[in-house]
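Trainee: Dropping a structure here in structure tokens format, bear with me for questions.
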Amino acid sequence: MIILLWLLLALVPWLIGAAVQTVLRRKTQGVVYMTDAWIIGGLCCIGLAEVLHLAGAFGRLPLGRLTLLWHGGLAALCLPSLALVAGAWRRHRERFRILPQKGGSFVLPGFFLLMVLLQVVYVYCMPAITAPGDITVETLRSFQAADGIYLVNPLTGQAYTQGISMRYRLLGLPTLYTLIGSGFPVDGSVLVQNLMPVVVLAGAYMAYYRIARLLYGDDLRKKYLLMILVAMVFWCGEGVIWLDGYAALHGAWLGTSIRNLLLLPYALSLGLEKDLRRTWPCMVLCVLAEACICITFNGLGMCLLLLAVMGVLHKVSVSSLYRHLSSRISERGEERS
Amino acid sequence: MRELLQIAFYGAGSYFQSNHTVVLVLGILLYFSVAGKTLKPREKRLLAVTAVLLLLVLFPGSAAGLMLYQTRFYSYHWIWSLVPTTLCIAWGGTRLLWELTGQQRRDGKAARRLAAGMAVLLAFLLLTGNMGNLRSADREQESARQAAVYLEQLPQAGEALLWAPRPVLEAVRRHSGEIRLLYGRNMWEPEAAAYAYDTYPMEQQRLFDWMETIEKGDAYEMPLGLRIYLEDVAAVWEDGREQGSQVLADAYMLQLAARQGSRLWVFPDQATERVALACGQMWEEYGLRAKMLGEMAGYTVWNCEECL
């Protein structure tokens, strides 16, 4: 059953994401990359879980019914996606890229895979640590015990006396984990603290691989060198909670970790695209996913801020004033030389 | 706002203490802006974004604005999430390794040079990074986990509120959602208390203080609040009865826990004698009987029967 869970965690987001990309890129007949598809599908799954979470938290639906709706919702997303992807695959098989293109030696990809494998073993097999302020496992247990969303205080198991903050009530991450674990004989704490971090770590490398692809195109050696360095930074920066290494190796199930490891690099890669008009649906997905997993009450989240900064920089770089100034500077440089 | 500005002003130094790789980011930015290397448009954009975001988090005014934006739920250090430090180091490292180790030259030694370059870069990362040995399950956690497994099997566990030392309470809620606690982790961990508006009555705070004194033993000085509470409310330590006063105080605290709805108790096994004395006193003074259900992994489990 655990193997089936692993398979579903790999296949379902990919299938949904591939269908979304097939639809989004139907005019340009663009390539559907496995990494992009998995991330987009993952964001769609977060969205579905959030809808069910809101239904459970405000509509007081029991967990059993939410689980049914989750499975039904996934089936409703997967079946049309399967038909869409199968149709597109039959017509344009070259549009789907599962593995990187051939070429180059296996040394760097192999070394990278070895590092990732070590990290996966470390994350999956080592005892979990307690991240300060993290109550995800307790929340999942309380959902299961009370058969509902936020019916009791996760830290005591007793009914709330003063209530819960509205912004926290909206966060759907514990519900996502509860729903993923439903139907599989996997312990809640193992699911949250060992299994999901592997999934998030894989997602993080997919997001970074997307950036590597944008920066280096089909140059496999450079791409894998960048990925190896990302893995090295993770290993060397795991001592404090706000560092990416900690997020990747010790607390990848946390909302902030998913944001820092997956959503922000993915949003950055979207901002690096040539034509920003084509990527806006994925940007919106990113911003919404962050709102579902992190507390972003005063603002609208880090992803939106990052995209806004990138948008402003893009506007400035294409403005006539900037072009005029840069040409003047380069002219002066040439005169001096 | 003034407070935020102050935090932003001093926060950068504190962040630097925890993450020296910022130096590598600054070095990469400086090198590629001064050295006049030809960069692709995307690389330029990546550098520009990194530089702008770095300035935003370093400058106290903008950093305070960012803190306001990200909500006070998160501390100053979290605004650094915006700066793509990992990516900048990885990209800069790739670019530098490629150029400095001469990967363009196909002389058969490129791989060796690259390996040497990577070793140097790894040394830089180890020197500037922050590695901690965080993943070691200590003995206390393991004992608490065993206690949680034991408690789950007790028939009383589903009905009564559990009162236990911190590690056991933490482990119990992580292990099972069925066991309800007298108070939870939000009693002693401010970050965990931020999710709900719930607060604890003074009696439960004193019960927590008392459990801390029991857990930490004689070397731990009783908190002043608990001492005053016992003097004022429980009226112990009167008439200079120092020897018997501890038993009286302990008995008072046990009956207080029972009155608060908790009848399943866990104590460290080194306090068994003290708890047994207090239980005897509790029976005489308050008519409540407690008996030991069993012991496991350095803890004893007690049940207060007359509290039903």
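Please treat every number below as a calculation from the coordinates, not as lab data. Note that the structure is predicted; figures quoted are calculated from it, not measured. A quick note on method: Cβ atoms are made from the backbone with ideal geometry, for glycine too, and the neighbour counts reach across all protein chains shown.
Trainee: Hey, what angle do you get for helix B:139-152 against the long axis of chain B, alpha-carbon based, 0 to 90 degrees rounded to 10?
Mentor: That helix lies at roughly 50 degrees to the long axis.
Trainee: Need the list of lysines near residue B:216 for cross-linking: C-alpha distance under 23 angstrom, and skip anything on the same chain fewer than eight residues off.
Mentor: The reachable lysines, counting only those whose Cα sits under 23 Å from residue B:216, are B:291.
Trainee: Moving on to the next point. HN-Hα J couplings of the range A:154-163 from phi, Karplus 6.51/-1.76/1.60, θ = phi - 60°, integer Hz, Gly and Pro as x?
Mentor: x, 7, 10, x, 9, 5, 5, 8, 10, x
Trainee: Using DSSP H assignments, which helices in chain A have an axial alpha-carbon span of 20 Å or above and a mean Kyte-Doolittle hydropathy of 0.5 or higher?
Mentor: A:2-24, A:34-59, A:63-91, A:107-125, A:196-216, A:220-236, A:276-293, A:302-318
Trainee: Another question, then. Take the Cβ-Cβ distance between residue A:284 and residue B:100 as r, set R0 to 51 Å, and report the resulting FRET efficiency rounded to the nearest 0.05.
Mentor: 0.80
Trainee: Now, a different point. First check a/c for the range A:1-145, with a ≥ b ≥ c the square roots of the eigenvalues of its C-alpha gyration tensor; if it is under 1.5, answer rounded, and if not, answer prolate when a/b is larger than b/c or oblate otherwise.
Mentor: It comes out oblate by the Cα gyration axes.
Trainee: May I ask what percent, to the nearest 5, of DSSP beta bridges between residues of chain B are antiparallel?
Mentor: 70 percent
Trainee: Next question. Percent antiparallel among DSSP beta bridges with both residues in the protein assembly as shown, to the nearest 5?
Mentor: Rounded to the nearest five, the antiparallel share is 65 percent.
Trainee: Under a 10 Å cutoff between Cα atoms, tell me which one of A:319, A:105, A:269 has the largest fluctuation in the Gaussian network model of chain A.
Mentor: Maximum among the listed residues: A:319.
Trainee: Report the charge-dipole magnitude of the range B:62-194 in Debye, nearest 20, computed about the Cα centre from +1 at each Lys and Arg Cβ and -1 at each Asp and Glu Cβ.
Mentor: Roughly 800 debye, rounded to the nearest 20.
Trainee: Next question, about the same structure. Would you please name the chymotrypsin sites (Phe, Trp or Tyr not before Pro) within the range B:187-233 that are DSSP coil residues with at most 13 other C-beta atoms within 10 Å of their C-beta?
Mentor: When the chymotrypsin sites (Phe, Trp or Tyr not before Pro) of the range B:187-233 are filtered for loop state and at most 13 Cβ neighbours within 10 Å, B:197, B:220 remain.
Trainee: What is the distance, in nm, between label points placed 7 Å from the Cα along the Cα-to-Cβ direction at residue B:194 and at residue B:270?
Mentor: With each label placed 7 Å out from Cα toward Cβ, I get 3.4 nm.
Trainee: Which FRET efficiency value, to the nearest 0.05, do you get for residue B:113 and residue A:121 by plugging their Cβ-Cβ distance into 1/(1 + (r/R0)^6) with R0 = 45 Å?
Mentor: Taking R0 as 45 Å, the efficiency between residue B:113 and residue A:121 is 0.90.
Trainee: Return the long-range amide H neighbours of residue B:161 (sequence gap of 5 or more, or a different chain), with a cut-off of under 5 Å between placed amide H atoms.
Mentor: Under 5 Å from the amide H of residue B:161 lie the amide H atoms of B:263, B:264, each far enough along the sequence or on another chain.
Trainee: Ok, one more. Where in chain A is the longest stretch that carries no trypsin sites (Lys or Arg not before Pro) classed as loop by DSSP and with at most 13 other Cβ atoms within 10 Å?
Mentor: Counting only loop sites that pass the neighbour cut-off, the longest clear stretch is A:103-273.
Trainee: What is the magnitude of the charge dipole of the range B:2-128 about its Cα centre, with +1 placed on the Cβ of each Lys and Arg, -1 on the Cβ of each Asp and Glu, and no other charges, expressed in debye to the nearest 20?
Mentor: 540 debye
Trainee: Turning to a different aspect of this structure: If I take every Cα pair under 8 Å that is 6 or more residues apart in chain A, average their sequence separation and divide by the length, what percent do I get for the relative contact order?
Mentor: 19 percent
Trainee: Sticking with this structure for a sec: Order these by the 10 Å Cβ neighbour count, fewest first: B:85, A:279, B:272.
Mentor: Going from sparsest to densest Cβ surroundings: B:272, A:279, B:85.
Trainee: Also: Under a 10 Å cutoff between Cα atoms, tell me which one of B:84, B:223, B:41 has the largest fluctuation in the Gaussian network model of chain B.
Mentor: Of B:84, B:223, B:41, the Gaussian network model singles out B:41 as fluctuating most.
Trainee: Can you work out the FRET efficiency for the pair residue B:224 and residue B:285, with r the C-beta to C-beta distance and R0 = 35 Å, to the nearest 0.05?
Mentor: Computed FRET efficiency for residue B:224 and residue B:285: 0.90.
Trainee: What length, rounded to one decimal in nm, is gained on full extension from residue A:58 through to residue A:328, with 0.36 nm per residue of separation minus their alpha-carbon distance?
Mentor: 91.2 nm
Trainee: Let me ask something additional. With a point put 7 Å past each Cα toward its Cβ, work out how far residue A:90 is from residue B:293 in nm, to one decimal.
Mentor: 6.3 nm
Trainee: Take the alpha carbon atoms of the range B:73-127, find their center, do the same for the range A:229-293, and report the distance between the two centers in whole angstrom.
Mentor: 19 Å
Trainee: Based on the alpha-carbon gyration tensor of the range A:79-163 and its eigenvalue square roots a ≥ b ≥ c, which shape applies: rounded if a/c is under 1.5, prolate if not and a/b is larger than b/c, or oblate?
Mentor: oblate
Trainee: In nm, give the distance between the simple-model label positions of residue B:75 and residue A:275, each being 7 Å from the Cα along the Cα-to-Cβ direction.
Mentor: 4.6 nm
Trainee: Report the residue, chosen from B:105, B:95, B:145, that carries the largest GNM mean-square fluctuation when chain B is represented by alpha-carbon nodes joined by springs under 10 Å.
Mentor: B:105
Trainee: Around residue A:96, which amide H atoms from residues at least 5 apart in sequence, or from another chain, sit under 5 Å from its own amide H, with H modelled in the peptide plane?
Mentor: HN-HN under 5 Å from residue A:96: A:32.
Trainee: Still on this structure, please answer the following. By how many degrees, 0 to 90 and rounded to 10, does the Cα axis of helix B:202-216 deviate from the longest principal axis of chain B?
Mentor: 80 degrees
Trainee: Please state the shape class of the range A:209-267: rounded when a/c is under 1.5, otherwise prolate if a/b exceeds b/c and oblate if not, all from the C-alpha gyration tensor.
Mentor: oblate
Trainee: Identify, among B:123, B:93, B:104, the residue whose Cα sits farthest towards the positive end of the charge dipole of the range B:2-128, taking +1 on the Cβ of Lys and Arg and -1 on the Cβ of Asp and Glu, with the dipole about the Cα centre.
Mentor: It is B:104.
Trainee: Would you work out the relative contact order for chain B, in percent, from Cα pairs under 8 angstrom that are 6 or more residues apart?
Mentor: Contact order relative to length: 13 percent.
Trainee: Then there's this: For a paramagnetic label modelled at 7 Å from the Cα of residue A:76 toward its Cβ, which residues of the range A:145-170 fall within the zone defined by backbone nitrogen distances under 11 Å?
Mentor: Correct set: none at all.
Trainee: How many percent of DSSP beta bridges within the range B:139-307 run antiparallel, rounded to 5?
Mentor: Roughly 70 percent of the beta bridges in the range B:139-307 run antiparallel, per DSSP.
Trainee: Expressed as a rounded percentage, what relative contact order does the range A:10-113 have, with Cα pairs under 8 Å and six or more residues apart?
Mentor: Reported relative contact order: 36 percent.
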